[in-house]
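> Can you read through this structure? Questions will come right after.
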Amino acid sequence: MPDETLDLLFREARSVNTFSDEPVKIDQVREVFELVKYGPTMMNIQPMRLLLVEQGAGRERLLPLMAEGNRAKTASAPVVAVVAADVDFHTSMAAHFPHNPTAGDMFAGDATSRADIARYNTALQTGYFIVGIRAAGLHAGPMGGFDAAAIDAEFFPGTSWRTQLVINIGHPGETPWFDRLPRISADDAVMTA
């Protein structure tokens, strides 16, 4: 890939803290999903689910459930994605893992293990989603400060979706990011055997 692409996806990409009023269409975010769904997961389970929240009534329901320090960012983003893990991913494995249509049965009896697997694979898919947002020319502001149980109760009652992360999506506003923080080097993080 050319350096410009690598800069866009990684080296120059930043988590956005303020957003301009330039709109983002829901269809644009859906197109990102349609691209990043091809990223690998364990046994192709695909547990990531997205709730896309535009400005309006849904946003007003979400804001009180965010940590106080994250409310202004969430209020100003054109679109907010609540990333959830479907802890009942096993029920669709016959369709997504067709060469072994009974593979979901191995997860049916262990809800704790299934939730862990769903969270892990949703985290993988979330990484792809953030890179996909960047590739689409948008900016992401992922956040962990929120009341997950309250979001689940407000938006996902009676479902198997469990909130994992909230990502503000849009275009940078004024002073959108902090200075780049140091990253660990390959010398400190990579070993060979």
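The values are calculated or read from the model by the stated rules, or taken from the named source; none is laboratory data. Small disclaimer: the values here were computed from a predicted structure and weren't measured. Cβ: placed from backbone, ideal geometry, glycine included. Neighbour counts: every protein chain shown. Note: areas computed on protein heavy atoms with side chains; ligands, DNA, RNA excluded. Shrake-Rupley method; radii C 1.70, N 1.55, O 1.52, S 1.80 Å.
> With the requirement that a residue be more than 20 Å from Lys25 (Cα to Cα) and within 23 Å of the chain's Cα centre (by Cα), what does segment 163-178 give you?
If the condition is that a residue be more than 20 Å from Lys25 (Cα to Cα) and within 23 Å of the chain's Cα centre (by Cα), then Thr163, Gln164, Leu165, Pro176, Trp177, Phe178 are the ones that fit.
> I'm trying to understand the selection: among the residues of segment 140-193, which are acidic (Asp, Glu), outside any loop (DSSP other than H, G, I, E, B) and either within 19 Å of Ala77 (Cα to Cα) or touching a helix residue (DSSP H, G or I) at 6+ places or on another chain (Cβ under 8 Å) (or both)?
The answer is Glu154, and nothing else.
> Can I ask one more? Does segment 22-44 hold any residues that are free of Cβ contacts under 8 Å to residues at least 12 places away in the same chain and under 16 Å from Ala77 (Cβ atoms), and which are they?
Selection gives Lys25 alone.
> Please determine, by comparing only the residues of segment 102-125 that are among the β-branched types (Val, Ile, Thr) and in a helix (DSSP H, G or I), which one is least open to solvent (accessible area, probe 1.4 Å).
Ranking the qualifying residues of segment 102-125, first place goes to Thr122.
> Related question: Which is more than 11 Å from the chain's Cα centre (by Cα) and under 21 Å from Val36 (Cα atoms), of His139, His99?
One residue alone meets the criteria, His139.
> Still on this structure: Answer with yes or no whether Pro157 is farther than 15 Å from Val82 by Cα and either among the basic types (Lys, Arg) or open to solvent by less than 100 Å² (accessible area, probe 1.4 Å) (or both).
Answer is no for this residue.
> Still on this structure: List the number of the failed condition for Ala189; all other conditions in (1) open to solvent by 40 Å² or more (accessible area, probe 1.4 Å); (2) farther than 21 Å from Leu50 by Cβ; (3) at pLDDT below 95 hold.
Result: Ala189 passes all but (3).
> Still on this structure, please answer the following. For segment 160-186, enumerate the residues that are over 20 Å from Val16 (Cβ atoms), of a type outside the set (A, V, I, L, M, F, W, C) and open to solvent by less than 90 Å² (accessible area, probe 1.4 Å).
Result: Ser160, Thr163, Ser185.
> Contact list please: Cβ distance under 7 Å, first residue in segment 134-148 and basic (Lys, Arg), second residue in a strand (DSSP E or B) and at pLDDT 95 or above, pairs at least six apart or on different chains.
Matching pairs, first to second residue: Arg134/Ala140.
> Is it the case, given these coordinates, that Val131 is in a helix (DSSP H, G or I) and either of a type in the set (A, V, I, L, M, F, W, C) or at pLDDT below 95 (or both)?
So Val131 passes the test.
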